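The structure appears below as structure tokens.
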Amino acid sequence: MRMERAVVMRKHITIETNYGMLHSNLKRVMDRKNISINMMSKLTGIKYDVIKRHYYNETFQADYNTLAKFCYVLGCKIEDILAYECTDEKQEKQRV
């Protein structure tokens, strides 16, 4: 019985699901509003390096408060600074 359980666990581990990716459009919005990373840091109180990672789309997680501050300062909506890209072909066909 232990062998069967190990096989089931192994199958569970090997299942891969691609949920897609979020991309930051912060650079585009900031550039359009002529706001530098340094200015955004001063206006939001967020560390320069944190904003720089979002600006260059190099962050792997985002804090809701950080995103709210970006939207407030830029006068935009969350969908203006974040974009979702579906990378699963099966899921993309179902959405159409």
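Just a few scattered comments:
- Residues that are touching a residue at least 12 places away in the same chain (Cβ under 8 Å), closer than 27 Å to residue 87 by Cα and not in a loop (DSSP other than H, G, I, E, B), drawn from region 22-64: 22, 23, 24, 26, 27, 29, 30, 50, 51, 52, 54, 55
- Hits in region 55-70 (condition: surrounded by 11 or more Cβ atoms within 10 Å (Cβ to Cβ) and at pLDDT 95 or above): 55, 56, 66, 67, 68, 69, 70
- Among the candidates 73, 29, residue that is modelled with pLDDT of 95 or more and touching an Asp or Glu at 6+ places or on another chain (Cβ under 8 Å): 29
- Identity of the residue in region 20-40, within 16 Å of residue 71 (Cβ to Cβ) and of a type in the set (S, T, N, Q), that ends up nearest to the chain's Cα centre (by Cα): 24
The values are calculated or read from the model by the stated rules, or taken from the named source; none is laboratory data. Bear in mind that the values here come from a model prediction, so they are computed numbers and not experimental data. Don't worry about glycine lacking a Cβ; one is built from the backbone with ideal geometry, like all the others, and counts go over all protein chains shown.
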